[in-house]
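Heads up: the structure comes next, in structure tokens.
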Amino acid sequence: MKARSLMLALVAAATALLYTPVASPNASAQQSTTVTVTMKEFKFTLSRKTVPHGTVVFKLVNKGTLGHDFKIAGKKSKLIGKGKTGKFTVTLTKGKKAYLCTVPGHAAAGMKGTLRAT
């Protein structure tokens, strides 16, 4: 009798495992990409020039002596003071995305560029 109960329990467990959905890597939460943006007078240096489309986290590092911000895809970060850091998250669609510093005169001096989202 114990053997029969044990066998039924094993069959039930095996059947339950067969019908349990398996999580795929694509079913998990959307992945994000991190790009470090180093800011100084008067240029940006990005750790990546190309990113997959979707959520992009920009880690902003100001190594300059003036405050800078970062604008891309219609979104703008807060002003990052000298020696300070910040984070800025944007969802990008595919295509070339222009970025710049909106502090007056900074983009004209060279704080601008293009990031490609694939």
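The values are calculated or read from the model by the stated rules, or taken from the named source; none is laboratory data. What you see is a predicted model, and the numbers here were worked out from it, not measured in a lab. Because the Cβ atoms are built from the backbone with ideal geometry, glycine has one as well, and the counts that use them run over all protein chains shown.
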When you look at Gly105, is it exposed (fewer than 14 other Cβ atoms within 10 Å of the Cβ), touching a residue at least 24 places away in the same chain (Cβ under 8 Å) and either of a type in the set (A, V, I, L, M, F, W, C) or in a loop (DSSP other than H, G, I, E, B) (or both), yes or no? no
Suppose the filter is over 17 Å from Thr36 (Cβ atoms), free of Cβ contacts under 8 Å to residues at least 60 places away in the same chain and of a type in the set (Ser, Thr, Tyr); does Thr93 pass it? yes
Any residue at all in the stretch 44-56 that is more than 22 Å from the chain's Cα centre (by Cα) and either on the phi > 0 side of the Ramachandran plot or modelled with pLDDT of 95 or more (or both)? no
Conditions (1) surrounded by 15 or more Cβ atoms within 10 Å (Cβ to Cβ); (2) more than 16 Å from Gly54 (Cβ to Cβ); number of the one not met by Lys97: (2)
With the requirement that a residue be over 15 Å from Gly105 (Cα atoms), in a strand (DSSP E or B) and more than 15 Å from the chain's Cα centre (by Cα), what does the stretch 57-75 give you? Val61, Asn62
Can you run down the residue pairs with Cβ atoms below 7 Å, 6 or more apart or on separate chains, where the first is in the stretch 50-67 and within 10 Å of Thr118 (Cβ to Cβ) and touching a residue at least 24 places away in the same chain (Cβ under 8 Å) and the partner is surrounded by fewer than 16 Cβ atoms within 10 Å (Cβ to Cβ) and of a type in the set (D, E, K, R)? Thr50/Arg116; His53/Lys94
Using the structure shown, decide if Lys78 is loosely packed, with under 15 Cβ neighbours inside 10 Å and assigned to a loop (DSSP other than H, G, I, E, B). yes
What residue, among those in the stretch 81-94 that are assigned to a strand (DSSP E or B) and of a type in the set (Val, Ile, Thr), is surrounded by the most Cβ atoms within 10 Å (Cβ to Cβ)? Val90
How many residues of the stretch 108-118 are surrounded by fewer than 15 Cβ atoms within 10 Å (Cβ to Cβ) and either over 15 Å from the mean Cα position of the chain (by Cα) or in a loop (DSSP other than H, G, I, E, B) (or both)? The answer is 5
